[in-house]
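Colleague: Okay, handing you the structure first.
The values are calculated or read from the model by the stated rules, or taken from the named source; none is laboratory data. Small disclaimer: the values here were computed from a predicted structure and weren't measured. We place every Cβ from the backbone using ideal geometry, glycine too, and count neighbours over all the protein chains shown.
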Amino acid sequence: MTTTIIWTVVAVTLLGLLLAVVLYLVAKKFKVEEDPRVDEVEKVMPGANCGGCGFAGCRAFAQACVEAPDLDNNFCPVGGNEVMKKVAAVLGMEVAEKAPMVAVVRCNGTCENRPKTNEYDGYKSCKVKAALYSGDTGCFYGCLGCGDCVAACQFGAISMDPVTGLPVVDEEKCTGCGACAKACPKKIIELRNKGPKNRRVFVSCVNMEKGATARKACKSACIGCGKCEKACPFGAVKVEHNVAYIDFNKCKLCRKCVVECPTGAIHDVNFPAPAQKPAPKPAAKPAAEVKPVVEAAAKPATEPVAEPAAKPEKKEE
Amino acid sequence: MKKTFSIGGVHPDDSKISAGSKIEVLPLPKTVYISMIQHLGGPAKAIVAPGDRVKTGQVIGEPTGFISAYVHSSVTGAVKSVGLRKDLNGIQVVHVEIAVEPDEWMEGIDTSDTLVTDIPEDRQFILDRIKNNGVVGLGGATFPTHVKLCPPPDKKAECLILNGAECEPYLTSDYRIMLEKSEQIVIGAAIMKKVLGVSRAVIGIEENKPEAIARMTATVSKLQSSAKGYDGIEVMTLKKKYPQGGEKQLIDAVMHRQVKSMGLPIDVGAVVQNVATSLAVYDAVQKNMPLITNTLTVTGNCLPADRQKNYLFRIGFPLSYIAEYNGGVPEKAAKIVSGGPMMGKAVSNLDATTQKGSSSLLYLTEEQTVRKPESNCIRCGKCAEACPMGLEPFLLNKLARNGMMEELEQNAVQDCIECGCCLYSCPANIPLLDMIRVAKGEVIRAMRARTAPKK
Amino acid sequence: MSKLLVSPSPHIHADISTARIMRDVVIALLPSVVVSILYYGWSSVMLLAVSVITCILVEYLITRFLMKSQCTISDWSAAVTGVLLALNLPPACPWWVAMIGAIFAIGVVKMTFGGLGQNLFNPAIAARVFLLVSFPVAMTNWAKPAGFINVDATSGATLLGTVKEGLAKGDSLGQIFAANDFSYLQTLFINIGGSAGEISAIAILIGFVYLLARKVIRPHITLSIWATVIVFSGIFWLINPEQYTDPLFNLLTGGLLLGSVFMATDYVTSPMSARGGIIYGVGIGLLTMLIRYFGSYPEGVSFAILIMNSVVPLINKAFKQKKYGRA
């Protein structure tokens, strides 16, 4: 009995030693030489492996940074300038600051604005739905509402609003990695400048149909009337293919376009008070939307609107 | 031993409810809207302008590119507009709008009923007629027929296969034309046989259509005994199995040959044409009649028996007009399908108009068609068992959901024929094909992009 | 029309669902259940009840409170596991053993992997092996409880166990069979001794035919197990009929029929393709016979299935079905 135990112990120990030697030799022989700075850079990365930088993950990004002659073409959207500064410090390079970006949903086709014309019954994926047909509303261009962007977001920054049926971006969580913009088959999500105090003005519509058709499908569609283009003192607004687009690099956030827009397609977010027009605007608006803009425009301009405190939280993009 | 394809397949219920109803001619609506995309390949370019007067059978759209087709006016009248209009998927397509007046046919079109059994000798003459009359494949893909009948010089056709399988449930239009226009179909087959220079033509019909088999067999022997050029045509009874009418499956069933991945039927010496295409070829060659009519089935379990119809329609008729003429959309219908229930398209816009390839208006009830909630895959392998291409849909679906393009290609997602057998037979109600179809498109695009620069 | 549905094709679905398949398996098991109740009486009823109820309850609790996902007990798969486990237990086994087995089957083998469709091993088989290792005495106590019908069979061990013991003592098979008054007819209807579900070959075969008729399973796996067992034991039997049991004996005794019809054909833990199924079946057959002839346990079906379960992912990779046009 004892001899059996002794023999077993001896045999297993010997086997263990032998294998340890083999492992050591293998590790020695197949060792991969790597720049130690890659490890250091990786340490300062956020570690989300989201791929927002265009590389397969944080380590791949670190590798690219180490190999690149400068950091101009590499940017970690998640970590932003802070992380890039750290990376630059590790590598002893210079880095230019970039303006922080945020995902913006350019569709306001809520269930109310954009009535459903049929019911989609296939696999709940925007990609599949877009490949099949024009969607369950009259608008070919708008949000399909199946949440591919939600699935694509690594940071839980996008969720579907059950009331509007549209995705909502949580500005706090959004890192501007752009995964949602890539996932959206209708290209309604755009990375835009976060703006001073998070204030932004943008056209919340990408419908390229002619005005009447667009309006028929959706009450808050951009009809390409061009009023905003004329109103803009900075030449930031361009109407092309029946839809307006605001260049965020030129926009000075004066919000003249917001009041001009007849359908409320231009949104302003995080401003203390809704945009106001100097003179009362006669045109009746569909005031039912959740947009403070339109409500205010319909009211007499003299009446101060006293709900700014709550408004900045309401992000409708 | 009846023949069928060797891999996979499913047996959905026939439901050929409208089989007994004779083809009726639909009266003309007040306005027709003729789409410029009625075929695979480059869209036709409209060559008429608002205000122009067109006659029935006049060319209104010209082909763009090699794979494209002519589009003809199906009515006489004034062009009201040429512009974008939504097709049955709600996608904007150029349509020519024509206000309908009584028919005035273009010169040179033989509108009589006389049967012309003599086959023209000149091969080029036949091909020109087929091309100029805008004939496209009517089995579903609407591939221009003249292109298919001109195989590249290094490939040799050996056998023409005429697809009379009509394996999709509910559809009966092919069945009706095989009963009512069997002579024309056989003559069309003889014409295509002549163009291809093949000695053998097989008309494959599934066993669930015995009257069609009898009728077609009788017609073939009658024509063989009375006229020249009909030798080598035979009718073959096939076992009932979906998707027998798939090109690759039909070749496997009839010739016991399999087309290589990404290959064409001509690689194994086969050319497959639908029976309805054969009828169109007859009209085009023997009568110089452009392809402006086809047969369409209006059916569905929720439709009363007296409204189960097979209609002869012209292109450009609004679907809503046909539905109204038939007595309106049934109350219980929850989905309208253009085409069969396995591969047809769900109509989201009933104002869309009929096209050359339209084959049905199928009404399905919510109970019949609504997708049930998806549950866990139980790895039963029924999808793989059903796949006529021998693929593994459960795997492809997983890969597609994770966007694994390389693995998708390795697992042959590009071979998928989108027949729907996998989704049809999944006990867990997983929408397999929905995702696989999209992934297939992406993989094929990636493959093309890879090979393109090498040219 | 009230609403207009739009979806990608196909627009119809076969009359098939997970619940229907699982229900069919339960129906196919009914003959065996009836026989076991008739033969083993109330103790069999109790084992079945405890096992099935525990399986369903555990699955409910885990999906509801632990995974917080959709409850899956309505798909009948937990019931199938419960019935199979009960049929795999010795009739005299105490109720708490069945309960522990059921908790292990669902809680550990099935749900830790993610529930139905995700488990690597067949829950019932894994639980049986777990119990066999954990409670060897309770799991090999083949005393026959009072049944509703009386068959004059004395029982103390399974046939396979008796043979193994006899051979170990150095007896020849002829002597062992003669001493135990063995006949093949017994195995067809009521086997002497064994798990609740193993006692009647006829009952299991009825279930097999039903499953085939309903197209729930394909015959490949089951038949290849049988063929392997017959060929393997046939060769040894021809060499030495006094040392090795004959093919028919091996086919009809022990858990082979129950295992090959109901456990090896479990969708989740068996290969997808027909070719893979045959390889898998041959593996089970070979392992079973190796354990029976040369192993220390008298019966090896459970171990064989468990071992082959673990190589199913490899088989799935290596033996795919033939693709069209890719010869």
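Colleague: Filter the stretch B:313-351 for residues that are more than 8 Å from chain C (Cβ to nearest Cβ) and among the β-branched types (Val, Ile, Thr) and give the result.
Modeller: Passing the criteria: B:Ile315, B:Ile322.
Colleague: Looking only at the stretch B:310-325, decide whether some residue is among the polar types (S, T, N, Q), surrounded by fewer than 24 Cβ atoms within 10 Å (Cβ to Cβ) and touching a strand residue (DSSP E or B) at 6+ places or on another chain (Cβ under 9 Å).
Modeller: Within the stretch B:310-325, none of the residues are among the polar types (S, T, N, Q), surrounded by fewer than 24 Cβ atoms within 10 Å (Cβ to Cβ) and touching a strand residue (DSSP E or B) at 6+ places or on another chain (Cβ under 9 Å).
Colleague: Further question on the same structure: Condition first: touching an Asp or Glu at 6+ places or on another chain (Cβ under 9 Å), at positive phi and part of a loop (DSSP other than H, G, I, E, B). Now tell me which residues in the stretch A:179-204 satisfy that.
Modeller: none
Colleague: For the subset of the stretch C:298-320 comprising residues that are assigned to a helix (DSSP H, G or I) and not hydrophobic (A, V, I, L, M, F, W, C), which member is nearest to C:Glu165 (Cα to Cα)?
Modeller: Among them, the one singled out is C:Ser302.
Colleague: Looking at the stretch A:198-228 only, could you name the residues that are among the charged types (D, E, K, R) and touching a residue at least 60 places away in the same chain (Cβ under 8 Å)? Working first, answer last.
Modeller: Going residue by residue through the stretch A:198-228, those that are among the charged types (D, E, K, R) are A:199-200, A:209-210, A:215-216, A:219, A:227.
A:Arg199, A:Arg200, A:Glu209, A:Lys216, A:Lys219 - these are the residues of the stretch A:198-228 that are among the charged types (D, E, K, R) and touching a residue at least 60 places away in the same chain (Cβ under 8 Å).
Colleague: Follow-up. Which condition breaks for A:Glu94 when tested against (1) assigned to a helix (DSSP H, G or I); (2) charged (D, E, K, R); (3) surrounded by fewer than 17 Cβ atoms within 10 Å (Cβ to Cβ)?
Modeller: For A:Glu94, the exception is condition (1).
Colleague: Scan A:Ala60, A:Ala11 and give me the residue that is farther than 21 Å from A:Ala96 by Cβ, of a type in the set (A, V, I, L, M) and surrounded by 12 or more Cβ atoms within 10 Å (Cβ to Cβ).
Modeller: After applying the criteria, what remains is A:Ala60.
Colleague: Taking C:Ile235 as the residue in question, decide whether it is in a helix (DSSP H, G or I), over 17 Å from the mean Cα position of the chain (by Cα) and at negative phi. Even if it seems obvious, please write down each step before you answer.
Modeller: Values: in a helix (DSSP H, G or I): yes; over 17 Å from the mean Cα position of the chain (by Cα): yes; at negative phi: yes.
Answer is yes for this residue.
Colleague: Of everything in the stretch B:187-203, what is surrounded by 18 or more Cβ atoms within 10 Å (Cβ to Cβ) and either among the hydroxyl-bearing types (Ser, Thr, Tyr) or closer than 22 Å to B:Ile23 by Cα (or both)? Give them in sequence order.
Modeller: B:Ile187, B:Gly188, B:Ala189, B:Ile203, listed by residue number.
Colleague: Check every one of the helices (runs of 4 or more DSSP H) wholly within the stretch B:356-409 and list those with 3 or more residues that are within 13 Å of chain C (Cβ to nearest Cβ), surrounded by fewer than 24 Cβ atoms within 10 Å (Cβ to Cβ) and of a type in the set (D, E, K, R).
Modeller: Of the helices (runs of 4 or more DSSP H) lying wholly inside the stretch B:356-409, none has at least 3 residues that are within 13 Å of chain C (Cβ to nearest Cβ), surrounded by fewer than 24 Cβ atoms within 10 Å (Cβ to Cβ) and of a type in the set (D, E, K, R).
Colleague: On to the next question. Do you know which residues across the stretch C:265-297 are away from every other protein chain (no Cβ under 14 Å), hydroxyl-bearing (Ser, Thr, Tyr) and either assigned to a loop (DSSP other than H, G, I, E, B) or surrounded by 22 or more Cβ atoms within 10 Å (Cβ to Cβ) (or both)?
Modeller: If the condition is that a residue be away from every other protein chain (no Cβ under 14 Å), hydroxyl-bearing (Ser, Thr, Tyr) and either assigned to a loop (DSSP other than H, G, I, E, B) or surrounded by 22 or more Cβ atoms within 10 Å (Cβ to Cβ) (or both), then C:Thr288, C:Ser296, C:Tyr297 are the ones that fit.
Colleague: Kindly check whether there is at least one residue in the stretch A:136-143 that is within 28 Å of B:Val347 (Cβ to Cβ), away from chain B (no Cβ under 14 Å) and in a loop (DSSP other than H, G, I, E, B).
Modeller: yes
Colleague: Taking the stretch A:144-157 only, how many residues are over 21 Å from A:Ala265 (Cβ atoms) and not in a helix (DSSP H, G or I)?
Modeller: To start, the set of residues in the stretch A:144-157 that are over 21 Å from A:Ala265 (Cβ atoms) comprises A:146-148, A:150-157.
Now narrow it down to the ones that are not in a helix (DSSP H, G or I): A:146-147, A:153-157.
Of the residues in the stretch A:144-157, 7 are over 21 Å from A:Ala265 (Cβ atoms) and not in a helix (DSSP H, G or I).
Colleague: A further question follows. Which residue is farthest from B:Leu303 (Cα to Cα), if the candidates are limited to the stretch B:340-395 and must be of a type in the set (Val, Ile, Thr) and in contact with a helix residue (DSSP H, G or I) (Cβ under 9 Å, 6 or more places away or on another chain)?
Modeller: Restricting to residues being of a type in the set (Val, Ile, Thr) and in contact with a helix residue (DSSP H, G or I) (Cβ under 9 Å, 6 or more places away or on another chain), the top hit is B:Ile378.
Colleague: Please determine whether any residue of the stretch A:157-177 is of a type in the set (A, V, I, L, M) and within 14 Å of another protein chain (Cβ to nearest Cβ).
Modeller: Checked the stretch A:157-177: no residue is of a type in the set (A, V, I, L, M) and within 14 Å of another protein chain (Cβ to nearest Cβ).
Colleague: Still on this structure, please answer the following. From the list B:Ala19, B:Ala49, B:Ala69, exactly one residue is without any contact (Cβ under 8 Å) to a residue 40 or more places away in the chain and either assigned to a strand (DSSP E or B) or not polar (S, T, N, Q) (or both). Which is it?
Modeller: Checking each option against the conditions leaves just B:Ala49.
Colleague: Working carefully through the options C:Phe319, C:Phe262, C:Phe303, C:Phe236, find the one that is surrounded by fewer than 21 Cβ atoms within 10 Å (Cβ to Cβ) and under 22 Å from C:Met139 (Cβ atoms).
Modeller: Testing whether each residue is surrounded by fewer than 21 Cβ atoms within 10 Å (Cβ to Cβ) and under 22 Å from C:Met139 (Cβ atoms) leaves just C:Phe303.
Colleague: On to the next question. Restricting to the stretch B:410-422, count the residues that are among the small types (Gly, Ala, Ser) and in a helix (DSSP H, G or I).
Modeller: 0
Colleague: Further question on the same structure: Output yes when any residue across the stretch B:112-128 is more than 14 Å from chain A (Cβ to nearest Cβ), among the small types (Gly, Ala, Ser) and out of contact with any helix residue (DSSP H, G or I) (no Cβ under 9 Å at 6 or more places or on another chain), and no when none is.
Modeller: Looking through the stretch B:112-128, none of the residues is more than 14 Å from chain A (Cβ to nearest Cβ), among the small types (Gly, Ala, Ser) and out of contact with any helix residue (DSSP H, G or I) (no Cβ under 9 Å at 6 or more places or on another chain).
Colleague: Being within 30 Å of B:Ile60 (Cα to Cα) and either among the acidic types (Asp, Glu) or outside the structural domain of B:Arg200 (by TED's automatic domain parsing) (or both), is that true of even one residue in the stretch B:337-346?
Modeller: no
Colleague: How many residues does the stretch B:410-429 hold that are buried (at least 23 other Cβ atoms within 10 Å of the Cβ) and aliphatic (A, V, I, L, M)?
Modeller: So the answer is 3.
Colleague: Within the stretch B:319-331, restricting attention to residues that are assigned to a loop (DSSP other than H, G, I, E, B) and of a type outside the set (S, T, N, Q), which residue is farthest from B:Glu121 (Cα to Cα)?
Modeller: Start the filter on the stretch B:319-331 by keeping residues that are assigned to a loop (DSSP other than H, G, I, E, B), which leaves B:326-331.
Narrowing further to those that are of a type outside the set (S, T, N, Q): B:327-331.
On the way: B:Gly327: 47, B:Gly328: 48, B:Val329: 48, B:Pro330: 50, B:Glu331: 54 Å.
It comes out as B:Glu331.
Colleague: Might you check whether a residue that is farther than 22 Å from B:Asp252 by Cα and either polar (S, T, N, Q) or within 10 Å of chain C (Cβ to nearest Cβ) (or both) occurs anywhere in the stretch B:411-418?
Modeller: no
Colleague: Is it true that C:Thr63 is within 29 Å of A:Cys146 (Cβ to Cβ), within 14 Å of another protein chain (Cβ to nearest Cβ), in contact with a Cys (Cβ under 6 Å, 6 or more places away or on another chain) and part of a helix (DSSP H, G or I)?
Modeller: For C:Thr63, the condition - within 29 Å of A:Cys146 (Cβ to Cβ), within 14 Å of another protein chain (Cβ to nearest Cβ), in contact with a Cys (Cβ under 6 Å, 6 or more places away or on another chain) and part of a helix (DSSP H, G or I) - is met.
Colleague: Still on this structure, I have one more. Keeping to the stretch B:278-294, report how many residues are buried (at least 22 other Cβ atoms within 10 Å of the Cβ) and either touching a strand residue (DSSP E or B) at 6+ places or on another chain (Cβ under 6 Å) or over 19 Å from B:Ser74 (Cα atoms) (or both).
Modeller: Number of matching residues: 3.
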